[in-house]
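In what follows, a single structure is set out as structure tokens and then discussed.
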Amino acid sequence: MEATGGRGATGSLPHRMGTRRPFPAHILVFIAPAVAIYTVFMVFPLFDSLRLSLYAPQGGGSVFTGLGNYVRLLTDPLYAPRFWGAVRHNLVFFAVHMLVQNPIGLVLAVALSSRRLRGRTVYRTLLFMPTVLSFVIVGFIWQLILSPLWGVGEAMMRMAGLGGYFRPWLGMEGPALVALSLISVWQFVGVPMLLFHAALLAIPDEFIEAARVDGASGWMTFWRIVFPLILPTVGVVAILTYVGNFNAFDLIYTVQGALAGPNFSTDILGTLFYRTFFGFQLQLGNPTMGATISGAMFALIMAGVLLYVFVWQRRVQVYEL
Amino acid sequence: MARADVWREPLRAPAAVTKEGWGPPGAHLVLGAYVLVAIFPVVLIVMNSFKSRAAIFGEAYTPPRPGTFDLIGYETVFTRGHFERYFSNSVAVTGTAIILIVLLGAAVAFALSQYRFRGNTSLALYMAVGIMIPIRLGTVSILNLSSALGLANTLWSLVLVYTAQGLPLAVFILQLFMRQVPRDLLDAARIDGMSEYRIFGLVLPLVRPAVASVAVLTMIPIWNDLWFPLILAPGEATKTVTLGAQMFVGQFISDWNALLAALTLAMLPVLALYVVLSRQLIRGLTAGALK
């Protein structure tokens, strides 16, 4: 590590440098632009938004209210039912993804990772395709397919002998949320599939070989050997699903509008946040209450991430492969 | 994909079929069935966008044929919508943001992986925080900021927000790859008198695959985003394709030809790009999440 000479090298020797000299200018040139944009347009707004949530508008200015907005959000008859409803809907949205999307993703990953599979790349490309479409397009596509007007969805169910079960689900208070969750599942199943696929490929052949020699069935091999080895990925998928859940505004807004109908039955925190701070139709925008809702979302996300880092990651056994 | 065949199917997969080289039929059955689920809705929309109204409803499942082929939907979209403008807005925003993300992100990644300086670890952590927290939570302040800076209803407000949103993951992935560049090579360049900036220019092409992955990976959410265009730049002059499609389709909800044509137009660029770049995308996604 003895780099001598060279004008650019002065004061910039990589590694094991004394740190007592002035901060090297070229490092500053490398990091400053990115740090500036990231700080101004992401970190600052996140903190400033939290700060705003502690204020309430009064007259022309605003006044500090501490946690008053949060108390209002959780208890005021105007806000509380909407807020708790949205939290509940977000949880349903998350649960559907955990129970449907991630298991399907795992099954597809197992199939995709099977030995000597022809056409692996083609399968992977096609299966991941819906994920690259926007929520807007996906929302409209399914809105059309599920539309009783076009009747395509109904006709397909009839072919499967289930014609009698078709309903205009997106317009029904009970099933609309689950239908929307399943649309999102359809779109994003490629993500857990790829992550599980990568984890499965990392398992050495000998492990499976040994289990086979010992007479374990395929099913047993999977649950006793393979699944424990990919458990860390299960956690990654779960936390990504959880955080992604809070970005689902686009789909609901596209299919059901900002009022998240019918009768707010598909209202999630994203749509509630939008209506509250931006205003919609007769409702006037309220930036500080909006900031309060994003603060609550922040708390929910942090709770999930902390649970993942301090409970799941500590408990789960990671095997060095 | 050196280890692509590591995980094997359950023992029940018939050995004879495996020998023929197609792999386990069970896997093909599962994957084939789900491929249908994944692509059928898209194919249905694209196919019907080229048909007359009667055929869309009468024979939804057949490809367009001479009797049913009709471009009326596209005519409506091109005369009534402003898709060319939406499209060029999206290209401008996404393109500029990607260039900034890759260039500025690579510079930080280079500094983090090449130099040991005060605050190196804290900087890495500071940048990594943004990977998990959705930037949307700061929207109220971003909107204030954008008006305060005079950026309301400009494409620049979108570019800057997307750049900030894309940087954390870009820095994270790029530094993983830059750490693997042989240090001797760079030291040799230093001995030859190259400036640190020239050396950065030397490293960038060496991690080209990672740069491509980052570019594709960050491009998709930017191109597809509805939230920020809706809030920061909803004006007619600054609409992106995603917002334009959302509003257009909302207006033409009863004109099925226009509806299907608009959807097809909005998704074809993304799909075309995906077919070309899917390898980079998939590699980037797995690198980002598992490393």
Length gained, residue A:284-residue A:316, 0.36 nm per residue minus C-alpha separation, equals 6.8 nm
Charge dipole (chain A, unit charges on Cβ, about Cα centre) - positive-most of A:57, A:129, A:186
A:129
Given Cβ charges of +1 for Lys and Arg and -1 for Asp and Glu, the option among B:126, A:138, B:232 whose Cα lies farthest towards the positive end of the dipole of the protein assembly as shown is B:126
Could you work out the percent of alpha carbon pairs in the protein assembly as shown separated by over 49 Å, rounded to a whole number?
15
Counting only residues 5 or more places away or on other chains, whose amide H sits under 5 Å from the amide H of residue B:51 once H atoms are built in the peptide plane?
B:70
Need the C-alpha centroid separation for region B:123-151 versus region A:271-317, integer Å.
14
GNM top mover of A:299, A:202, A:32 - chain A, alpha-carbon springs below 10 Å
A:32
Computed from the mean reciprocal separation of all distinct C-alpha pairs, what Kirkwood hydrodynamic radius does chain A have, in Å?
23.8
Using unit Cβ charges (K, R positive; D, E negative) and no other charged atoms, how large, in debye to the nearest 20, is the dipole of region B:78-290 about its Cα centre?
360
Looking at chain B as a GNM with Cα springs under 10 Å, which of B:124, B:258, B:27 has the largest mean-square fluctuation?
B:27
What does the charge add up to near residue A:271, with Lys and Arg as +1, Asp and Glu as -1, over the other residues with Cβ less than 14 Å from its Cβ?
+2
Which of A:125, A:288, A:276 ends up with the largest GNM mean-square fluctuation for chain A, with Cα atoms connected below 10 Å?
A:125
Placing +1 at every Lys and Arg Cβ and -1 at every Asp and Glu Cβ, with all other atoms neutral, what dipole size does the protein assembly as shown have around its Cα centre, in debye to the nearest 20?
980
With the charge dipole of the protein assembly as shown built from beta-carbon charges (+1 for Lys and Arg, -1 for Asp and Glu) about the Cα centre, the Cα from B:260, A:197, B:48 projecting farthest to the positive end belongs to A:197
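Read-outs: derived from the displayed coordinates by stated rules, not from any lab. Just so you know, these numbers come straight off a predicted model, no measurement behind them. Every residue, glycine among them, receives a Cβ derived from its backbone with ideal geometry; neighbour counts consider all protein chains shown.
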